[in-house]
Amino acid sequence: MMGDMNGSGLKRKTAKGLLWGGIGNGSMQFLNLLFGIFLSRLLSPADYGVVGALTIFSATAGIFSESGFTLAIVNKKEIGHDDYNAVFWFNVVIGLGFYLLLFMLAPVIAHFYRQPEMIPLSRFLFLGFLFGAVSTAPAAYFFRNMMVKTRSQIQICAILVSGIAGVICAYYGCGYWGIALQTVLYSGCTALFMWLSSPWRPTFSFKWAALSALLPFSTKQLFTSLFTHINNNFFSVLLGRFYGMMQTGYYTQGSKWTTMGYSTVSGMINSVGQPVFRETGDDKIRLRRVFIKILRFTSFVSFPAMFGLAIVSRELIVLAVTAKWLPCVSVIRILCVWGAFMPISTIYANLFNSLGRPDIYMWNTISLGVLQLLCVLLSYPYGLTAMLMVYTAINLFWLFVWHYFANRHIGLSLREVLKGMAPYISVSLAVMAATWFATLSISDPLLSICAKILMASSLYLLLMWRLKSVVFRECMDYLFKKNKSISH
């Protein structure tokens, strides 16, 4: 699919990675959607709000316990047993330490939110990042070796087990414990299945030299991921403290649906992005070519998917989780605008990491995070909608900052990037606008969503075919096993 990268071997590896990344992430999001529908019907917005308000603590601790070593291992040219072993034992110790710390801080967290029931809930929910710390080393092994198929199968199995358990728990009246059980069980099952599938095993030894060689890269990844997760979950903290659990629940639900959309695309890119960039070596011309190829593929999928989600959000919420969740529709629509571009920022992140410049990624993310926090704090008195619009605008503006550094380091011009994205943005907007107006008179939610999906997808694919989109032709050739060489 991705021609002209680094020979047919890299081309096949990338195509296979994207295919299984798409299948895996698509299946995961479908299962998340399915189980989410059951849970949303059984639980209240306040139940989601209680768990959502705790997410920032478990996510932050999870980032510290992983410490950026996964990407550090992927980026290192030569890797051995001692590297994986050092990462494993370090993550186990750090993960256990953070769990004990948060276990003791549970009463303080509950007092902050004025929710006493959070004490036992948080202590149980925090087990999730402890399981994540244990699975960091085998996860890094799968990622470095581009074992996308195996990793996708593991995640799908974990979602099935945890989702069924969570729904059963909620069905029997356990409330927010159903969401907590699903979250913890997913992390536990993923860790277990990874260890069963991984050929690597730890030994009772620890070499500080192996760990210290990874620290310069991993430390930058740690701070980057830390700011990213704090940013992503800051809304839940602010809403939980000042607006109550009901409003937090609406935001959590709306954010969840949007995240399911763009995570499918970002997951595909993350599964191959950095390893593929790394294999292109120091040839900046080839690296630019690879970047544009991946950018076009991402744009081809992301813009119609996220803009399409925006126009069907109302029907989707009514049909899937009932009208009690309608206040989250506005959240979905605003976040879909940024969600369409979010996978593009993922490509830039993979590029900088592959260049061995995680410092660029780190300082950009920290700067963006500080700006977002300040603007959100200033806008929160005006309500959730205002905060989300400010958040989206800042993220869109920051794409130009990401590009500035890409231009400096590999000579990637803004014209090339805009040319790669523009056809897919314009066609997607035109198709969704036509679909929206053509279906305005349909009042039945089921008929409306079916008509919108059918019309939008048919129009988009027809226009891609008529416009002779290279990405569209490459995708069709790959899917139908046509071994053609398509010129750039």
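For the criterion of being among the β-branched types (Val, Ile, Thr), over 18 Å from ALA320 (Cα atoms) and modelled with pLDDT of 80 or more, VAL74 fails. Taking the stretch 143-154 as the range and being over 18 Å from the mean Cα position of the chain (by Cα), under 18 Å from ALA72 (Cβ atoms) and outside any loop (DSSP other than H, G, I, E, B) as the test, only ARG144 passes. Given the condition within 26 Å of SER413 (Cβ to Cβ) and among the hydrophobic types (A, V, I, L, M, F, W, C), answer yes or no: does some residue in the stretch 314-333 qualify? Within the stretch 314-333, not a single residue is within 26 Å of SER413 (Cβ to Cβ) and among the hydrophobic types (A, V, I, L, M, F, W, C).
Can you name the condition, by its number, that LEU196 falls short on among (1) within 26 Å of ILE109 (Cβ to Cβ); (2) more than 18 Å from the chain's Cα centre (by Cα)? Looking at each condition in turn, LEU196 falls short on (1). All conditions but one from (1) at pLDDT below 90; (2) touching a Gly at 6+ places or on another chain (Cβ under 9 Å); (3) under 26 Å from VAL301 (Cα atoms) apply to TRP325; the one that does not is (3). Taking PHE88 as the residue in question, decide whether it is modelled with pLDDT of 80 or more, open to solvent by less than 30 Å² (accessible area, probe 1.4 Å), farther than 24 Å from PRO199 by Cα and in a helix (DSSP H, G or I). So PHE88 does not fit the description; no. Mind checking whether some residue in the stretch 156-174 is under 23 Å from TYR84 (Cβ atoms), open to solvent by less than 60 Å² (accessible area, probe 1.4 Å) and either among the acidic types (Asp, Glu) or touching a helix residue (DSSP H, G or I) at 6+ places or on another chain (Cβ under 9 Å) (or both)? Within the stretch 156-174, one or more residues are under 23 Å from TYR84 (Cβ atoms), open to solvent by less than 60 Å² (accessible area, probe 1.4 Å) and either among the acidic types (Asp, Glu) or touching a helix residue (DSSP H, G or I) at 6+ places or on another chain (Cβ under 9 Å) (or both). Being modelled with pLDDT under 90 and open to solvent by less than 20 Å² (accessible area, probe 1.4 Å) is the requirement here; does THR136 meet it? Yes, satisfied.
In the set (1) under 20 Å from VAL471 (Cβ atoms); (2) open to solvent by 30 Å² or more (accessible area, probe 1.4 Å), SER330 fails one condition alone, (1). LEU412 passes every criterion in (1) open to solvent by 50 Å² or more (accessible area, probe 1.4 Å); (2) outside any helix (DSSP H, G or I) apart from (1). Of all residues in the stretch 175-199, those being within 22 Å of ASP83 (Cα to Cα), outside any helix (DSSP H, G or I) and open to solvent by 20 Å² or more (accessible area, probe 1.4 Å) number 1.
Would you confirm whether or not the stretch 415-437 contains a residue that is closer than 23 Å to LEU326 by Cα and surrounded by fewer than 15 Cβ atoms within 10 Å (Cβ to Cβ)? Taking every residue of the stretch 415-437 in turn, at least one turns out to be closer than 23 Å to LEU326 by Cα and surrounded by fewer than 15 Cβ atoms within 10 Å (Cβ to Cβ).
The single condition from (1) over 27 Å from CYS328 (Cβ atoms); (2) open to solvent by 50 Å² or more (accessible area, probe 1.4 Å); (3) modelled with pLDDT under 80 that TRP208 fails is (3). How do the pairs read when you match residues in the stretch 207-227 that are closer than 12 Å to TYR361 by Cβ with residues anywhere that are of a type in the set (Asp, Glu) and surrounded by fewer than 21 Cβ atoms within 10 Å (Cβ to Cβ), using Cβ under 7 Å and keeping only pairs 6 or more apart or on different chains? Hits for this filter: LYS220/ASP359.
The values are calculated or read from the model by the stated rules, or taken from the named source; none is laboratory data. Please read these numbers as outputs of a predicted model, since none were measured by experiment. Reconstructed Cβ throughout: ideal geometry from the backbone, glycine too, with neighbour counts over all protein chains shown. Quick note on the areas: whole protein, heavy atoms, side chains included, nothing else; ligands and nucleic acids left out. Shrake-Rupley method; radii C 1.70, N 1.55, O 1.52, S 1.80 Å.
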